[in-house]
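Colleague: Structure incoming, see below.
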Amino acid sequence: MSTYATMNEDELRQRVRKLIEAADPDKVDMFTFRGAQFDHGLAWVNFPVGYGGLGLNPKMQVTVADELRKNCKTVYDDLIINPIGIGMGAATVLTYGSDEMKKRLLRPCFTGEEVWCQLFSEPGAGSDVAGLATRAVRDGDDWLLNGQKVWTTLAHISKWGLLVARSNPDLPKHEGMSYFLLDMQAPGVDVRPLYQITGEAEFNEVFLQDVRIPHSRMLGKEGQGWQVALTTLMNERTALGGGSQQRGGGPINVLLQLWKNNRAKGESAAAESVMRDRLTKLYIDAELLRLTSQRARSAQRSGNPGPEGSVGKLAQAELYKKIWECGLDVMGPNSLVYEPGYELRRPASEDRRDRTLMAKYQFLRSRANSIEGGTSEVMRNILGERVLGLPGEPRTDKGIPWKDVPRGG
Ligand SMILES: Cc1cc2nc3c(=O)[nH]c(=O)nc-3n(C[C@H](O)[C@H](O)[C@H](O)COP(=O)(O)OP(=O)(O)OC[C@H]3O[C@@H](n4cnc5c(N)ncnc54)[C@H](O)[C@@H]3O)c2cc1C
């Protein structure tokens, strides 16, 4: 059971206002403001003092966001600035990194000066990521890495990569892995774009050929890679799930606005009633997601989330697909035109500020919600086994050295 420092809501709000006095986000640039936010302990309030936090209960981060929204026009979204670094890398470094790593990495991670990516998935290891084949071989003070990663979001602009590799193939799959922090500019790292149905290439394949990583950049101990990876994955699911923090906010808000703007265009009373029912149901589902996620978060036993994070991840992925499908129906035939086109480009969030464009883009992008960060099927397995205590799936590779487990291609 974690013990948190105490600070009441008023004191925390006062601290946020002091931050604004010191560096008003409407007047200074993003790095300056977010650097000051980190130094005031308001980056992630549950982190220790000196590492961007105040040692408070993580639930109090909502108060920081609320006070900033009330007082400033410029509001930054962590999950756009550095989704992997802030959403899951920081907690992994805090849990398993040396003091030196924490001091060097956490501040530029939060400000967005250094973007991070996650190199877990491989062509032969996605849902079963513990089956991965990228090899790490010790060579003096370094590790030598060879292999291929895939679906690596933001690898093309990243400074750091969270990487799991096989350091001992003679052990069963979960025991023979180690976890590294890779400098994405190191010689031998080759990043190539992968084209998505949105026309964007937000992710990549990454080839590693004789890449050297100093032993000091290992997170956790040799062979502890799976345990460290679970910390990253649980934080990922919490970051990806949870819906909006505000009632009626996020995608459901965009959908309702779209409907208000489009409904005057000659719809019959019967069709309007049917759409009203559908929107009402989606609104209720969005509110249920928000409240269920709050409950799941408050069930967290410590700063790092447990399997409860999979509740929000699963619910959000499935709901957002329904919301954006409804968005297309609200827009009617106009939804069939996709103005940005399908030519390969790197993501630009500015395109999506327009609600109509955002809905069309999100309809396509939301297909990925039930795949990224673990598929909905895998989330159901985790919930069944680790939250509800149902019997586990049969596992035929249990206890067998990884090198002896049959695998395709
Ligand atoms: C937009 C996007 C961004 C991503 N970003 C990253 C990233 O930054 N870094 C990274 O490492 N990875 C990333 N991924 C990869 C993602 O984690 C994997 O795609 C995902 O874990 C599924 O793996 P897979 O694609 O190999 O599918 P597979 O594991 O081959 O699964 C294929 C199908 O089988 C089902 N299935 C598999 N096992 C089971 C089971 N035990 N029970 C029931 N059904 C099962 C799956 O649900 C799925 O429908 C990203 C994916 C997407 C779509």
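The values are calculated or read from the model by the stated rules, or taken from the named source; none is laboratory data. Keep in mind it's a predicted model, so treat the numbers as computed, not measured. Glycine gets a Cβ as well: all are built from the backbone with ideal geometry, and neighbour counts include every protein chain shown. Just the protein is used for accessible areas: all its heavy atoms, side chains included, with ligands, DNA and RNA removed. Shrake-Rupley method; radii C 1.70, N 1.55, O 1.52, S 1.80 Å.
Colleague: What is the distance, in nm, between label points placed 7 Å from the Cα along the Cα-to-Cβ direction at Leu390 and at Arg263?
Modeller: 3.8
Colleague: Do the alpha carbons of any pairs in Lys149/Lys173; Lys159/Lys221; Lys173/Lys221; Lys173/Lys322; Lys149/Lys398 sit beyond 27 Å of each other, and which pairs?
Modeller: Among Lys149/Lys173; Lys159/Lys221; Lys173/Lys221; Lys173/Lys322; Lys149/Lys398, the Cα-Cα distance tops 27 Å for Lys173/Lys322.
Colleague: Translational diffusion coefficient of the chain at 20 °C, 1.002 mPa s, Stokes-Einstein with Kirkwood Rh over Cα pairs, in µm²/s as a whole number. Don't skip to the end; give the middle numbers.
Modeller: On the way: Rh = 22.8 Å.
Estimated diffusion coefficient is 94 µm²/s.
Colleague: From the square roots a ≥ b ≥ c of the eigenvalues of the alpha-carbon gyration tensor of the range 116-223, which class results: rounded (a/c under 1.5), prolate (a/b over b/c), or oblate? The partial results should precede the final answer.
Modeller: Values: a/c = 2.19, a/b = 1.43, b/c = 1.53.
Cα axes put the range 116-223 in the oblate bin.
Colleague: Rounded, prolate or oblate: which one fits the range 9-111, using the alpha carbon gyration tensor with axes a ≥ b ≥ c (rounded when a/c is under 1.5, else prolate when a/b beats b/c, else oblate)?
Modeller: The shape class here is prolate.
Colleague: Relative contact order for the chain: what percent, with Cα pairs under 8 Å and sequence separation of 6 or more?
Modeller: Averaging sequence separation for qualifying contacts and normalising by length gives 14 percent for the chain.
Colleague: Between the range 172-198 and the range 11-88, what's the alpha-carbon centroid distance in Å?
Modeller: Taking the Cα centre of each part, the range 172-198 and the range 11-88 sit 30 Å apart.
Colleague: Just how much of His156 is accessible, in Å², when a 1.4 Å probe is used and the result is rounded to the nearest 10?
Modeller: Rounded to the nearest 10, the figure is 60 Å².
Colleague: Note down the magnitude of the dipole of the chain about its Cα centre, charges +1 on Lys and Arg C-beta and -1 on Asp and Glu C-beta and zero elsewhere, to the nearest 20 debye.
Modeller: Numbers: 53 positive and 51 negative charges, 160 e Å.
Using Cβ point charges on Lys, Arg, Asp and Glu, the chain gives about 760 debye.
Colleague: Could you sort Met101, Met358 by their accessible area in this structure, using a 1.4 Å probe and putting the largest first?
Modeller: Result of the area sort, largest leading: Met358, Met101.
Colleague: Tell me, what ³J(HN,Hα) does each residue in the range 97-114 have, in order and in whole Hz, if you take phi through Karplus 6.51 cos²θ - 1.76 cosθ + 1.60 with θ = phi - 60° and put x for Gly and Pro?
Modeller: Going residue by residue, I get x, 6, 4, 4, 5, 4, 5, 6, 9, 5, 5, x, 5, 6, 5, x, 5, 10 Hz, with x marking Gly and Pro.
Colleague: Additional query: Got a sec? Which residues in the range 82-102 would a label at His215 touch, if it sits 7 Å along Cα→Cβ and we count backbone N under 19 Å?
Modeller: Only 97-101 pass the distance filter.
Colleague: Can I ask one more? Could you estimate the translational diffusion coefficient of the range 205-257 from the Stokes-Einstein equation, with Rh from the Kirkwood formula over C-alpha pairs, at 20 °C and 1.002 mPa s, in whole µm²/s?
Modeller: Translational D for this selection: 142 µm²/s.
Colleague: What is the range 67-131 by shape, rounded, prolate or oblate, if you read a ≥ b ≥ c off the alpha carbon gyration tensor as root eigenvalues and call it rounded for a/c under 1.5, prolate for a/b larger than b/c, and oblate otherwise?
Modeller: Taking the square roots of the gyration eigenvalues as a ≥ b ≥ c, the range 67-131 is oblate.
Colleague: Tell me, what HN-Hα J-couplings in whole Hz come from the Karplus equation 6.51 cos²θ - 1.76 cosθ + 1.60 at θ = phi - 60° for each residue of the range 267-278, using x for Gly and Pro?
Modeller: So the J values, rounded to whole Hz, are 7, 6, 4, 5, 5, 5, 5, 4, 5, 4, 4, 5.
Colleague: Short version: ³J(HN,Hα) in whole Hz for each residue of the range 364-376, in order, from phi by Karplus 6.51 cos²θ - 1.76 cosθ + 1.60 (θ = phi - 60°), x for Gly and Pro, what are they?
Modeller: Once rounded to whole Hz, the list reads 6, 5, 5, 4, 6, 4, 8, 10, 4, x, x, 6, 4.
Colleague: Now for a separate question. Report the rotationally averaged projected area of the range 23-177 based on its alpha-carbon convex hull, in square nanometres.
Modeller: For the range 23-177, averaging the hull's shadow over all directions gives 10.7 nm².
Colleague: With +1 on each Lys and Arg Cβ and -1 on each Asp and Glu Cβ, how big is the dipole of the range 241-387 about its Cα centre, in debye rounded to the nearest 20? Walk me through the intermediate numbers first.
Modeller: On the way: 24 positive and 17 negative charges, 71 e Å.
Rounded to the nearest 20 debye, it is 340 debye.
Colleague: How much length would be gained if the chain were fully extended between Thr74 and Val28, taking 0.36 nm per residue of separation minus their Cα-Cα distance, in nm to one decimal?
Modeller: Full extension from Thr74 to Val28 adds 15.5 nm.
Colleague: Which cross-chain or sequence-distant (5 or more) residues have an amide H under 5 Å from the amide H of Cys117, H modelled 1.01 Å from N in plane?
Modeller: Trp160, Gly161, Leu162
Colleague: Another question about this same structure. For a quick check of understanding: with a 1.4 angstrom probe and all protein chains in place, what accessible area in square angstrom does Asp26 have, to the nearest ten?
Modeller: Estimated to the nearest 10 Å², Asp26 gives 70 Å².
Colleague: For the range 174-272, what is the per residue volume of the convex hull drawn over the alpha-carbon atoms, in cubic angstrom?
Modeller: Residue-normalised Cα hull volume stands at 200 Å³.
Colleague: Magnitude of the Cβ-charge dipole of the range 9-111, K/R +1 and D/E -1, about the Cα centre, nearest 20 debye? Walk me through the numbers before you get to the answer.
Modeller: Details: 14 positive and 14 negative charges, 15 e Å.
Around 80 debye, computed over the range 9-111.
Colleague: So what is the diffusion coefficient of the range 241-387 in µm² per second by Stokes-Einstein at 37 °C and 0.692 mPa s, using a Kirkwood Rh over Cα pairs?
Modeller: Rounded to a whole number, D works out at 197 µm²/s.
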